[in-house]
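S.K.: A single structure is presented below for examination.
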Amino acid sequence: MPAGLIYLAAAFVAFGVLARISPCNPEQRRFAGRDLVDNTLFWFLGLVLYGDIAGAYVRWGVDLTFQRDAPEILSAIEAGYGFAARLPLWAQAVVIIVAMDFIQYWLHRLFHGRALWPFHAVHHSVEDLDWTATYRIHPVNFLIYSAGALAVVRLAGFTPAAFLVIGPFNLVAGALAHANLDWTFGPFRYVIASPVYHRWHHVRDPAVHNRNFAPTFPVWDLMFGTFYMPRGVLPHDYGVDGVPRHFLAQLVYPFRVLAERIGIGRKPGVGAATTV
């Protein structure tokens, strides 16, 4: 908890100062945007609720699949095994980041489909898009996109230390991608996800926000035809229609949409919520 608060304080100052120097959208507040309180509540929810859900997935899967041999197999997975564990630590970290990115690219596309969009729309509902939007993730979105992808990668046998190594990278990369900065990374625009690249993904226009799905490596978008980053133009007008503005209402919102789709709780003469 103290380490997390120190990181948040440092990020608040650093990204606020950078947004004064090189903003993508100068009309936005640099330090305390309109969505700061709700984004902070989502961060706190994650701190309290999530824990090691990926580890729990692995344990449940092993117990269900192997039953009698589960303790030995689980011990091997948790300690690291096979070819993955024999790689140098830096190589393990690189492979984990790339594998996670590939899996999350496809999961991200899945969340832009009609079935799961209400859960992901909560993340897209941020209008003052800045680094704190990283934490506005609905629990169902987290359980599948973050914990689910991590559980799959952990099964490959990487050592626990490799996952610790990538932790700081993920913290900084996620916040930087959402930051209010006009950085494109120039010649590296196709290599690493820049703030401008990811901000295009958050624009209100569905034709554009259904692009740029890769969390870290735009090469996946280039390979699969979803890359969008026009030169000389900066994104603006973020958010999504229909999602309520505040924390508690946003937690309930996806379930209300799903209930309306099957005819539960729909008022006479009122259609179900619009989704992508």
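The values are calculated or read from the model by the stated rules, or taken from the named source; none is laboratory data. The structure displayed is predicted, hence computed values, not measured ones. Reconstructed Cβ throughout: ideal geometry from the backbone, glycine too, with neighbour counts over all protein chains shown. All accessible areas refer to the heavy atoms of the entire protein, side chains included, with ligands and DNA or RNA removed. Shrake-Rupley method; radii C 1.70, N 1.55, O 1.52, S 1.80 Å.
S.K.: Counting only C-alpha contacts under 8 Å and six or more residues apart, can you give the relative contact order of the chain as a whole percent?
M.R.: 23 percent
S.K.: I would also like to ask the following. Rolling a 1.4 Å sphere over the protein heavy atoms, what is the accessible area per residue of the chain, to the nearest Å²?
M.R.: 49 Å²
S.K.: While we're on this one: Could you tell me how far the Cα centroid of segment 61-77 sits from the Cα centroid of segment 183-229, in Å?
M.R.: Result: 39 Å between the Cα centres.
S.K.: So if the hydrodynamic radius of segment 139-184 is defined as the Kirkwood radius over C-alpha pairs, what does Stokes-Einstein give as its diffusion coefficient at 37 °C and 0.692 mPa s, in µm² per second?
M.R.: Rounded to a whole number, D works out at 264 µm²/s.
S.K.: Excluding ligands and nucleic acids, what accessible area in Å² is computed for PHE83 using a 1.4 Å probe, to the nearest 10?
M.R.: Surface accessible to solvent at PHE83 totals approximately 140 Å².
S.K.: In nm, give the distance between the simple-model label positions of PHE224 and LEU110, each being 7 Å from the Cα along the Cα-to-Cβ direction.
M.R.: That separation, rounded to one decimal, is 1.1 nm.
S.K.: Calculate the spin-label point distance for ARG59 paired with ARG29, positioning each point 7 Å from the Cα along the beta-carbon direction, and give it in nanometres.
M.R.: 4.1 nm
S.K.: How large is the accessible surface of MET229 in square angstrom, using a 1.4 angstrom probe and rounding to the nearest 10?
M.R.: Its heavy atoms expose roughly 10 Å² to the probe.
S.K.: Sorting GLU78, GLU260, GLU127 by accessible area (1.4 Å probe), largest first, what list results?
M.R.: Output order, biggest surface exposure first: GLU78, GLU127, GLU260.
S.K.: Still on this structure, I have one more. Within the accessible area of the chain, what % is carbon and sulfur when the probe is 1.4 Å and the other protein chains stay in place?
M.R.: The computed percentage sits at 70.
S.K.: Something else about it: Return the calculated 222 nm mean residue ellipticity for the chain, to the nearest 500 deg cm²/dmol, obtained by summing -39500 (n - 2.57) across DSSP H runs with n ≥ 4 and dividing by the residue count.
M.R.: -17000 deg cm²/dmol
S.K.: Anything in the chain that counts as a DSSP H helix reaching 20 Å or more along its axis (C-alpha) with Kyte-Doolittle mean of at least 0.5? List them, would you?
M.R.: Helices passing the filter in the chain: 2-21, 89-111, 160-178, 247-261.
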